[in-house]
Amino acid sequence: MKKSRTSPTKIALILKEFDQGKSAEELTREHGISRAALYKWRQRYGGMEASELKRIKQLEEENAKLKRMYANLALELETAKYIIEKKALKPCKKRSVIESIREERPKGISKACRLLKTSRSSMAYQSIKDDTYIIDRLHKLTRDHPTEGFWKYNYRLRNAGETINHKRLHRVYQQLNLPLRRKCKKRVPTRVKEP
């Protein structure tokens, strides 16, 4: 925003002189201002004192600053929303982001939840998964059959009459760091064919 060269006190003096009967031509020549500026000041600040004029100028500057700040924040918010929607964060990642925000700004949780599109009540949720039985069974199978992998263990449990979801079993299997190294075929060098 372009700053005015004339101070509020000077504007108030010019307007007083204009109200007392001095012509517009005299004032413009005397103070080096345009006629349009004089009429604009009269329309905007007519009948005000210098202190009131100063206050209005300050308020206008503050208003301009606030508008710029709001525009910057709105832009940041839009970019954050765009990044979050494009990346499609998983719920566990969203939760960790909200936890980090909670440490920095304890009062900003509701805004963070709104931005990440998660319910605030989900932050208080504690998992009640009890996988001790599956862990015990997997440890027993790994002792008895150390060379077998996940699917063989799954079939063994199923044949024993236990109904455990294979996805749940795989999650526990991964947590225990049980996955075996995959065996790859040994390449035998090609023999030279002779007639």
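The values are calculated or read from the model by the stated rules, or taken from the named source; none is laboratory data. Because the structure is a prediction, the values reported are computed rather than measured. Every residue, glycine as well, gets a Cβ built from its backbone with ideal geometry; the counts of neighbours run over all protein chains shown.
Give me the pairs, please: first residue somewhere in region 133-154 and within 17 Å of Asn165 (Cα to Cα), second residue anywhere and not in a helix (DSSP H, G or I), beta-carbon distance under 6 Å, and either six or more positions apart or on two chains. Within 6 Å, the pairs are Gly149/Leu180. Of the residues making up region 143-179, those that are assigned to a loop (DSSP other than H, G, I, E, B), exposed (fewer than 12 other Cβ atoms within 10 Å of the Cβ) and not polar (S, T, N, Q) are Pro146, Ala160, Gly161, Pro179. Here Leu116 fulfils each of the conditions (1) closer than 30 Å to Leu77 by Cα; (2) touching a Gly at 6+ places or on another chain (Cβ under 7 Å); (3) not basic (Lys, Arg) apart from (2).
So how many residues does region 83-103 have that are of a type outside the set (A, V, I, L, M, F, W, C) and either surrounded by 15 or more Cβ atoms within 10 Å (Cβ to Cβ) or at pLDDT below 75 (or both)?
Counting residues in region 83-103 that are of a type outside the set (A, V, I, L, M, F, W, C) and either surrounded by 15 or more Cβ atoms within 10 Å (Cβ to Cβ) or at pLDDT below 75 (or both) gives 5.
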